[in-house]
Structure formats: structure tokens, C-alpha cells
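Engineer: Here it is, the structure, as C-alpha cells.
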Amino acid sequence: MSPSVDHPAFGPLFRDADGSALVTFRRFPFMRPFWYPGPDAAIALLDEPERQWVRDWERNGAGLARVRRHSDVHSALQALGVYEVGVDVEKGGGPSSSQAETYRLFLDREEAICGNVFDALLRYYRHARAALPDWFEGDEYPEGRTIEELGPWVSFDGIQLGRGESHGLVPVGLAWEPAWDREHKLAMVLYRDQVLEIGPACGSMLLLCPEEYLTASDLLWGPDQLTDAERSALGDFLDGYGLDPRYGV
């Protein structure tokens, strides 16, 4: 089994330990509000060869793939605005055409997509502060009016392209670590250019059990919190996912 795949859409991809996922690295320029400060200082803390790998990250994906979750390496990459792109694959396989098309769409519309992600994150944050004030006790959290204001309180942690497809595209997971819930973290499900779900990073209810996601009454953030554009994208996603798009939407 080849340890890497050179793909026309993703570029070089490197396999994880059991071969069921591929990973590459890229700079996310529109996620700048979440970049860690002080890249030179963060890189200076590394030992060789990790220091050189991070400095020249575009040429050292194979080495970084092995140590990317080491806390110092992880922080140094994030200070450069460099995050993981993960691709779920069949063991030993490569990306599907739907995954490649989804990634191309993300790159083509990245600025607009990130703007939609920021809007959803800000709305979620303000809603969570109002609904669960205990989460935010003990620190002077911002009001959440702008993403620049919220950025220091949330860490972005890359994207993951899933396998289950809808109308030729796959859902994209965005990983976050919010200061108010570091234990459970936070995950988004993105379809096309809209955020369909925001919740704990323990598994997507939308992807694992769509009917439950649509009918659950105890969700902090569910279909009732979506905008018209998000709800429309949810309907299209469910239609291609094998459910009646009118069901619960």
C-alpha cells in the first residue's frame, strides 16, 4: 500500500496509520482571525527536524503527517495559518470524484464560504451565551459582534471531507476548539457553501441519524436556528442523502 497519493485536486496526500484517511496541509488565508500569534517564536520552540519541516511545510508533508498532532508542531503550523485537510477513504484507497469536486468548490469559493462559516459561528456563539450562560462564567468573553473579536477565543483546526455524498458533493467537517468547551470541542457540517450543523465534536447527528437531527427537541443548535439559505441547502442535502427534503425542514 502506497504511503502517499499524488492527486490532481488535492496535491500530495499522506496516509494515516491505518490507511483509512489521507491528509495534506494548506494555508487557509481567510481564516486569519484564528491564526495563532507569533509564528517565529512558535517555530523557535521546535527541535530539528520538526523546525525545518514547519518552516518549509509545503515540501515536508510526509514528515508533518507523522507529527502533526504534537502540540508544539500543531501550534507552530497554526501560527503560520496552516491547517490539515483530511479525506476519509476506503482503506488503502484514494479520494472519490465527489470529494475532489467538493474540494475544488471550496477552493473556488473559499472567501464566500468562510464568510458564511463566520456568520454561523457568530450566531451560534451569541445563541450559546444566551442559552447556556454557565459555560461562559469566569472569563470576560466578548459580545461576539465580529469574527475578529471572537477569534482569540476559538481555535480553528482544519477540515475533513467525508464519504457520504449528496448530488455529487460530500459534506465537509470543520473542527474547532472553543475556550468555553475545550472538553467537547465543536464541529460544523458544511454542504456546498452553507453550514448545516454545529455541535459537539463527538459525531454528527445530521450525518449519522438525519431523522433524529431533524426532530430532536433538545439541540442547542438545530434546524430552527438556520437561515433561509442554510435551510435550503439542508433540504438539498437531505434530498440527495435519500430523505424527503420537506421532512422536518
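The values are calculated or read from the model by the stated rules, or taken from the named source; none is laboratory data. What you are looking at is a predicted structure, and each value in this text was computed from that prediction instead of being measured. Glycine gets a Cβ as well: all are built from the backbone with ideal geometry, and neighbour counts include every protein chain shown. When the accessible area is computed, the model is the full protein with side chains, heavy atoms only, and any ligands, DNA or RNA have been set aside. Shrake-Rupley method; radii C 1.70, N 1.55, O 1.52, S 1.80 Å.
Engineer: Name the residues in the range 203-217 that are farther than 19 Å from A120 by Cα, open to solvent by 50 Å² or more (accessible area, probe 1.4 Å) and not small (G, A, S), would you?
Structural biologist: If the condition is that a residue be farther than 19 Å from A120 by Cα, open to solvent by 50 Å² or more (accessible area, probe 1.4 Å) and not small (G, A, S), then L208, E211, E212, T215 are the ones that fit.
Engineer: Would you pick out the residues in the range 39-66 that are within 19 Å of D157 (Cβ to Cβ) and of a type in the set (K, R)?
Structural biologist: R66 - this is the single residue of the range 39-66 that is within 19 Å of D157 (Cβ to Cβ) and of a type in the set (K, R).
Engineer: Just the residues that are surrounded by fewer than 16 Cβ atoms within 10 Å (Cβ to Cβ), modelled with pLDDT of 95 or more and farther than 17 Å from D157 by Cα, please, taken from the range 12-38.
Structural biologist: G38
Engineer: While we're here: Can you tell which of A41, A76 is surrounded by fewer than 18 Cβ atoms within 10 Å (Cβ to Cβ) and among the hydrophobic types (A, V, I, L, M, F, W, C)?
Structural biologist: Among A41, A76, only A41 is surrounded by fewer than 18 Cβ atoms within 10 Å (Cβ to Cβ) and among the hydrophobic types (A, V, I, L, M, F, W, C).
Engineer: Among the residues of the range 124-168, write down those that are among the small types (G, A, S), more than 28 Å from V23 (Cα to Cα), assigned to a loop (DSSP other than H, G, I, E, B) and modelled with pLDDT of 95 or more.
Structural biologist: G144
Engineer: Considering only the range 61-82, I want to know if a residue exists there that is in contact (Cβ under 8 Å) with a residue 60 or more places away in the chain and in a helix (DSSP H, G or I).
Structural biologist: The answer is yes; a qualifying residue exists.
Engineer: Another question, then. In the set R55, R66, which member is of a type in the set (D, E, K, R), within 16 Å of S4 (Cβ to Cβ) and out of contact with any Gly (no Cβ under 6 Å at 6 or more places or on another chain)?
Structural biologist: Going through R55, R66 in turn, just one is of a type in the set (D, E, K, R), within 16 Å of S4 (Cβ to Cβ) and out of contact with any Gly (no Cβ under 6 Å at 6 or more places or on another chain): R66.
Engineer: Considering only the range 170-196, how many residues are open to solvent by less than 20 Å² (accessible area, probe 1.4 Å), in contact (Cβ under 8 Å) with a residue 24 or more places away in the chain and in a strand (DSSP E or B)?
Structural biologist: Count: 10.
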